[in-house]
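Engineer: My questions all concern the structure below.
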């Protein structure tokens, strides 16, 4: 028997003799591993995280942490064969393992990429725009995100030991918070190997991650307002944790993602014979059988128009009849085992509760034919389909989850009824809708979005690129209200911010510039340097400013520009028509003429570190420029983001001013600039 | 005695005989009003909110609700004299009343304005950008916000009966959620009059607001996953509510904003004689005396460099000695009464606890001279300043809040110590820092932001426009971690989203366009209409597209443009230098030349509904355009936002394509377009 150790304060210790929990092979029932959290000193673990892990991680920028996560993803990708080797012992097929193992590694890659694209190469991230809270702009507001200074406690579920660990770890590490990871016992042997690989990679700083299998001891009693508990598991356990007096009284941030009674709705337009009907059948069957239905996002309630109930049932049964249950290592098998016999017995009990109300129309929870395995020793169960007689009278179908290959058909009348039935689930992680009608989709979103963390709308146009009803994506929020736990995970950088504090900072433009390392309008500028286009990316400082000479915009310029470009819009060409316009007193210069002249005024023409103009943001024309007006430009380095060793992006704040020094146009210009020592600098 | 009724399901009912609670005049101690929640049927109240108020509000767009809030603000502003008349009975001076009454009305105005500027004139708001979750773009992700379908229960504090009601109501109404408002009993007579005015205005739809004074009965037991409880008050009450089994098990969204041990830090650079030193003294004294210190944001801990402790104490005492306590209706009075004698006795008790550890250096909690009032009958207390001997050894100063004109001086050594002392408060609504140094500010933000909802950084540059340490602004988040309740309110549209659900929607471009009423790239376009520049704002449909003819970009064009504008950047002019650039194979067209030609290609020159080009967003140059390349433009109506009866903003998606139909540039163009029937259409 494998001994699953604990990794606390940088040291692996074997499981104590006391408090041991045994893990069994899902297919053979054999005892394969043992763990124990007895004797673990959680005070030491927290101190290690807070005193070592946190400071190490916070010393890095978002980009440095993102690169670390990418390196970890690459390392794990090389070694994932070791994880696949342990995968069948959880009852999972290779396809199931792909969701868990490759899906988890992919989540690291996506977070590494988003961390570098959507967060700054800095220690503080911005939330929203500058708030102008004063008339003259000497006192401004800016919301910022900074890392929490405690520890993130990750309590993971048994069904996805790898994905579950990595989908929580990626945003936590990028936020700059250390983690203590507690896997669910039944599959801790696989989580443990993954964690060992993370430690073997030697890519994370000391104290960034710790691991304890078997129990949380007094860990929760020791947390405070800088700590986070991120829980995935049953709704009952989540409620139990929410009652924890220590968590409440010391203001511990708590988030839960729990199983829910997710629905799939066949749209009223998706009649038999339409592609949407076929997609629906396929999706319900797939969600019932992937991971043997042990997915918190699986379809538990399949809602279909009453007129098509029979057709759906027949099509679904035909599909389910083809499912091959058995040893997941046998290639013919399409559905493996549940994680263990205890879990299978629980599912059977829930099916009994459900089937009192909703008769079984396919399958038998107590008997299943399996190939290449012993059905008495392995945790096998075949797919079970029930049918509800009256969705509004029924109760169990909306509140009882059988966490296995189990689903129930429910008929509905009109869309309002369908939405009401979806919402009876009391909050779901995800609901899906199969429709080709924009009106149907818009109405269902209006009626059901508030009850769902995710809505998956599928039809013929998206069929080839569908990602699956039950698949959370790192880009999208995973979580849901009410029964689904009321929490949120993932969702790109949203998930990172769960491990950070949002703070409103009020200060002068100079102070805000110092805090955010980003030039804030109104802050001091640096004007005693050579032209900023002559300075390489690394030398250039935030606030460096070029003030251009003046150039008059003449009527001849406007007419010439109109003729050259073809932009003969009346406001530039026709004095009377321009005057009749509520915004102008007469012919005005083209906005694009101003932009073009502005570039002519600020550009340094000779080859130098500026490589390309890559874009422009937030351009606003603020004051019309009439013929004869002299304009000049102020160009200020607002922000810098290194992209690689060769170049980085410079964001310039540009103001086009008239002879009264009032802004006619204001925008942010983007250029790619060579770095110090790069070939093109 | 005034009878304070309850307003449930559209009907005012007088307080029942049972369960009565009496309100007293803060200055005279007289009984002035009575309320009771006995007999209120909260089931009826919730049903009314959910069945009437919610649907009525959700039928409106964000802009319609924002206009309703503005109308309410205008109405209340006309009638605010009635509120000021009741204000002295709460113990508040006119200046205190200004924060409560005008501050509350101002919050409505800000929300009305932000609702129209930052939210769409639609039913669904977007969160973030489209997520490209598929390779070919046939299946996309978009996070959306939709209103929760339950009721918001607002449990307000006694200190700001008007502001407290309106700062919760503004975001709730704009979100589209109905509210049940429960004011704190001691000042319910003022909250009641404000609520009566709201009903008298007749501006809100049926069921949008209800009012109950005196108790919440079984209200909390009846809530579910679509409901919100927004609580303001003591940390102890918040913890009590958090333990509420019904709230936990039915997934009720709960947010709390509680009193906290807020700190003000005198920066190490802010030595005596600097403007920052004087600003600090003024702010600490002001925060102690405004509202007689009954502010959840007041400065309870004043942190000063050890070297300047004596100077600070003397300056502060000199200032506090000038405070005139008494009847708030007397113009000489600078600090009124606490809200009642019970509250004053509580403050005295907390001062006793605190002063065991931190000796009093100014004031006497048990005796105060007052003018124009009877100190025995009114709830008076003079300012009390204490001094802590050792901030790290002390405990009470960091956990015990005397909710009155009370503060404690604490000395610190270096910045790290100052930050550690701030953080000992276990989470605050706000901390302030008085410094003129960007380095000091940046270090303190890094060290303390995670423990604070707001950081107020003040110095000579912002002094004239400071908004006050203790003043939450509608633009900025109000709330804080840990001891401060762990919740968030306000913060502009962030506060609106507390009453909405965020949902990740996955669908095809066409379906997302139908759901969001905003054209999504990849969705169908409408190309069989007249040129979109000839169609007025109201007639123009989302998706209408103009495809321009081609135009070749010649080397002569590039040279001519360079000469005309002065933009002779080497990548356009010098073949060898351009080739040496990592992004180009040779001379390329100016980005601004492409924009200008694009406008020339899509513009319809004759006078028509397009009034002006107002700006441009998210321009990205994606592919270099070399001399000889023919380009053309696709211009699509992406979004429309009415601004007034005369015109509205149209957001166009613009793609500049080359002869391989690949995008060279992509951007969003903004124009202001005349509405149907407007003078200029």
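Engineer: So if we plug the beta-carbon distance of residue B:580 and residue A:531 into 1/(1 + (r/R0)^6) with R0 = 22 Å, what FRET efficiency do we get, rounded to 0.05?
Structural biologist: Efficiency, rounded to the nearest 0.05: 0.65.
Engineer: Next question. Roughly how far apart, in whole Å, are the Cα centres of the stretch B:24-43 and the stretch A:567-602?
Structural biologist: If you average the Cα positions of each part, the centres end up 65 Å apart.
Engineer: Can you list, shortest first in nanometers, how far residue A:364 lies from the same residue in the other copies, with each label 7 Å from Cα toward Cβ?
Structural biologist: Sorted ascending, the copy-to-copy spacings read 9.1 nm.
Engineer: Once the label point is placed 7 Å from Cα along Cβ, list for residue A:135 the distances to the corresponding points in the other copies, in nm, shortest first.
Structural biologist: Label point to label point, same position, other copies: 6.0 nm.
Engineer: A further question follows. Return the Cα extents of the stretch A:166-291 along principal axes one, two and three, sorted largest first, each rounded to a whole Å.
Structural biologist: 58, 38, 28
Engineer: Quick one: order B:288, A:386 by neighbouring beta-carbon count within 10 Å, fewest to most.
Structural biologist: If I rank by nearby Cβ atoms, fewest first, I get A:386, B:288.
Engineer: Output needed for the stretch B:619-681: three equivalent-ellipsoid semi-axes, defined as square roots of 5 times the C-alpha gyration tensor eigenvalues, in descending order, whole Å.
Structural biologist: Values: eigenvalues 204, 23, 12 Å².
For the stretch B:619-681, the ellipsoid semi-axes come out as 32, 11, 8 Å.
Engineer: Under the Kirkwood approximation applied to all pairs of distinct alpha-carbon atoms, what is the hydrodynamic radius of the stretch B:263-478 in Å?
Structural biologist: Values: mean 1/r = 0.0578 Å⁻¹.
That comes to 17.3 Å for the stretch B:263-478.
Engineer: For the protein assembly as shown, divide the Cα radius of gyration by the Kirkwood radius and give the resulting Rg/Rh value with two decimals.
Structural biologist: 0.97
Engineer: For the stretch B:123-229, what is Rg from Cα atoms divided by 2.2 N^0.38 Å, rounded to two decimals?
Structural biologist: Here the Cα radius of gyration is 1.40 times the empirical estimate.
Engineer: What do you get for the angle between helix B:188-201 and the principal long axis of chain B? Use alpha-carbon atoms, 0 to 90 degrees, nearest ten.
Structural biologist: The two axes meet at around 40 degrees.
Engineer: Could you state the angle between the C-alpha long axis of helix B:341-357 and the longest principal axis of the C-alpha atoms of chain B, as a value from 0 to 90 degrees rounded to the nearest 10?
Structural biologist: 90 degrees
Engineer: Taking a ≥ b ≥ c as the square roots of the eigenvalues of the Cα gyration tensor of the stretch A:4-99, is the shape rounded (a/c under 1.5), prolate (a/b larger than b/c) or oblate?
Structural biologist: Because a/c hits 1.5 or more and a/b fails to exceed b/c, the stretch A:4-99 counts as oblate.
Engineer: Please report the antiparallel percentage of DSSP beta bridges with both residues in the protein assembly as shown, rounded to the nearest 5.
Structural biologist: 55 percent
Engineer: A further question follows. Compute the angle between helix A:161-175 and the longest alpha-carbon principal axis of chain A, please, reported from 0 to 90 degrees and rounded to the nearest 10.
Structural biologist: Helix A:161-175 and the main axis of chain A meet at about 20 degrees.
Engineer: When all C-alpha to C-alpha distances in chain B are sorted into bins of 20 Å, what percent of pairs does each bin hold, rounded to whole numbers?
Structural biologist: 16, 40, 30, 13, 1
Engineer: Continuing with the same structure: With a 10 Å Cβ neighbour count serving as the proxy for reagent exposure, in which order, fewest first, do B:351, B:265 appear?
Structural biologist: Going from least to most buried by this count: B:351, B:265.
Engineer: Would you work out if the stretch B:237-340 is rounded, prolate or oblate? Take a ≥ b ≥ c from the square roots of the eigenvalues of the alpha-carbon gyration tensor; rounded if a/c is under 1.5, else prolate when a/b is larger than b/c, oblate otherwise.
Structural biologist: oblate
Engineer: Can you work out D for the stretch B:502-644 in µm² s⁻¹ from Stokes-Einstein, where Rh is the Kirkwood radius over C-alpha pairs, the temperature is 10 °C and the viscosity is 1.306 mPa s?
Structural biologist: 90 µm²/s
Engineer: When A:90, B:671 are ordered from fewest to most other Cβ atoms inside 10 Å of their Cβ, what list results?
Structural biologist: B:671, A:90
Engineer: How much mean residue ellipticity at 222 nm does chain A get from its helices, if each DSSP H run of length 4 or more adds -39500 (n - 2.57) and you divide by all residues, to the nearest 500 deg cm²/dmol?
Structural biologist: On the way: 22 runs with 212 residues, N = 681.
Taken over chain A, the calculation gives -9000 deg cm²/dmol.
Engineer: On to the next question. Report Rg(Cα)/(2.2 N^0.38 Å) for the stretch A:289-369, keeping two decimals.
Structural biologist: 1.19
Engineer: Going by a ≥ b ≥ c, the root eigenvalues of the Cα gyration tensor, does the stretch B:1-51 fall in the rounded group (a/c under 1.5), the prolate group (a/b larger than b/c) or the oblate group?
Structural biologist: It comes out prolate by the Cα gyration axes.
Engineer: Taking each label point as 7 Å beyond Cα in the direction of the beta carbon, state the distances from residue B:622 to the same residue in the other copies, shortest first, in nm.
Structural biologist: Result, one decimal in nm: 3.1.
Every read-out reported here was derived from the displayed coordinates using simple, explicitly stated rules and does not represent laboratory data. These figures come from a predicted structure and were not determined experimentally. FYI the Cβ positions are ideal-geometry reconstructions off the backbone, even for glycines, and counts take in every protein chain you see.
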